[in-house]
1. Against the conditions (1) without any contact (Cβ under 8 Å) to a residue 24 or more places away in the chain; (2) part of a loop (DSSP other than H, G, I, E, B), where does residue 305 fall short? Just the number, please.
2. Among the residues of the stretch 23-56, which ones are surrounded by 14 or more Cβ atoms within 10 Å (Cβ to Cβ) and in a helix (DSSP H, G or I)?
3. Of all residues in the stretch 173-197, which are farther than 15 Å from residue 240 by Cα and either outside the structural domain of residue 235 (by TED's automatic domain parsing) or not in a strand (DSSP E or B) (or both)?
4. Looking at this structure, is residue 170 outside any loop (DSSP other than H, G, I, E, B), closer than 17 Å to residue 328 by Cα and either in the same structural domain as residue 134 (by TED's automatic domain parsing) or in contact with a helix residue (DSSP H, G or I) (Cβ under 6 Å, 6 or more places away or on another chain) (or both)?
5. Have a look at 396, 352 and point out the one that is modelled with pLDDT under 85 and either assigned by TED's automatic domain parsing to the domain that holds residue 190 or touching a strand residue (DSSP E or B) at 6+ places or on another chain (Cβ under 6 Å) (or both).
6. Given the criterion surrounded by 17 or more Cβ atoms within 10 Å (Cβ to Cβ), touching a residue at least 60 places away in the same chain (Cβ under 8 Å) and more than 30 Å from residue 256 (Cα to Cα), identify the matching residue among 342, 291, 322.
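The values are calculated or read from the model by the stated rules, or taken from the named source; none is laboratory data. Since the structure is predicted, the reported quantities are computational estimates derived from the model, not experimental observations. For neighbour counting, all protein chains shown are included, and Cβ atoms are generated from backbone atoms with ideal geometry for every residue, glycine included.
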């Protein structure tokens with residue numbers, strides 16, 4: 001049984017507590033920290049948490065708790081993680097790990113030097129659909145992954161600190177893009193080095209210093225492309241979608257917005273509908289189990305099972321560091337309007353010499369480009385001659 005000190009009592013802290021208390025009953029939040037005494041007390045009462053505090057150090061160093069869960073605003077992650085590592089606690093930190101790669105690397109080095117368990121709480125890599133798709137890709141169902149498109153858009157975050165660039169580290173790109181980048185890495189292969197990024201971002205709607213919309217491409221060493229689309233100015237609810245394209249197939253994932261449950265209410269739905277839902281009347285798309293659908297249950301199962309068996313979880317602080325490095329390059333590209341290199345002085349994946357690529361299928365003196373079954377039952381091939389390079393078509 002693990003006793004958890006939860007740092008942060010906002011929306012993400014609520015989701016974490018719902019997942020922990022609802023799934024693995026033996027692992028409980030024993031202490032809740034908030035900067036507001038009123039908020040800490042109300043949160044503790046609501047979720048049956050025996051103790052609460054406004055003292056961050058006391059929450060981290062509490063003798064009864066062996067795990068610290070960081071669910072704080074981005075600018076407080078580094079302070080909390082360094083203190084928890086010094087206290088010898090197992091640490092689980094919400095996304096993004098840092099406001100930039102320098103902060104993330106500082107946290108990674110601290111937990112590794114202390115020898116403590118560390119997990120990166122990237123919930124959208126743990127949705128049931130994503131885990132099934134990752135298993136299919138791992139078994140070769142769609143061949144080599146060439147392109148992953150990941151999209152997260154909604155009308156903007158729920159707390160004021162997100163909109164403050166100094167506190168958050170950026171805008172929609174760091175808030176939502178960190179999800180999209182790690183989803184793409186998971187499908188392309190975490191051992192494949194991200195090489196460079198090109199990104200456009202701008203403030204289209206809101207009166208803020210950071211971007212509220214961004215689109216970018218991440219090129220990987222094996223030729224694969226990760227594409228992210230993020231927005232704080234999308235209306236109609238939260239849209240979470242992924243597309244994975246391989247040499248032998250494709251996977252489409254629709255996680256949110258159109259949830260598979262549809263309800264029409266002329267009078268208005270009096271209760272909470274779903275995260276980032278903008279209306280409670282008309283056509284609504286409720287969620288049967290929001291905590292499970294967003295990956296929180298499977299994420300914490302992986303974290304605590306890995307902790308118990310002394311193995312690394314699916315998502316570690318190293319993953320958070322790589323994501324931050326990619327986001328840093330995206331921000332630089334947004335500034336320069338050019339492709340920018342991903343700066344990863346600490347790289348633990350494959351090197352170029354070990355990277356394999358899919359070779360075109362050879363057919364005697366020709367290389368097969370494409371084969372297609374036609375409506376009359378014949379087969380058409382597009383081929384390239386090995387010697388001359390001439391491209392022709394033939395019917396078989």
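1. The number of the failed condition is (2).
2. Across the stretch 23-56, the qualifying residues are 39, 40, 41, 42, 43, 44, 56.
3. Selection gives 174, 185, 186, 187, 188, 189, 190, 191, 192, 193.
4. Working: outside any loop (DSSP other than H, G, I, E, B): no; closer than 17 Å to residue 328 by Cα: yes; either in the same structural domain as residue 134 (by TED's automatic domain parsing) or in contact with a helix residue (DSSP H, G or I) (Cβ under 6 Å, 6 or more places away or on another chain) (or both): yes.
The answer is no for residue 170.
5. One residue alone meets the criteria, 396.
6. 342
Condition check ((1) within 30 Å of residue 139 (Cβ to Cβ); (2) within 17 Å of the chain's Cα centre (by Cα); (3) assigned by TED's automatic domain parsing to the domain that holds residue 152; (4) in a strand (DSSP E or B)) across all residues:
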{"site": "199", "(1), (2), (3), (4)": "no, no, yes, yes"}
{"site": "206", "(1), (2), (3), (4)": "no, no, yes, no"}
{"site": "223", "(1), (2), (3), (4)": "yes, no, yes, no"}
{"site": "240", "(1), (2), (3), (4)": "yes, yes, yes, yes"}
{"site": "245", "(1), (2), (3), (4)": "yes, no, yes, yes"}
{"site": "251", "(1), (2), (3), (4)": "yes, no, yes, yes"}
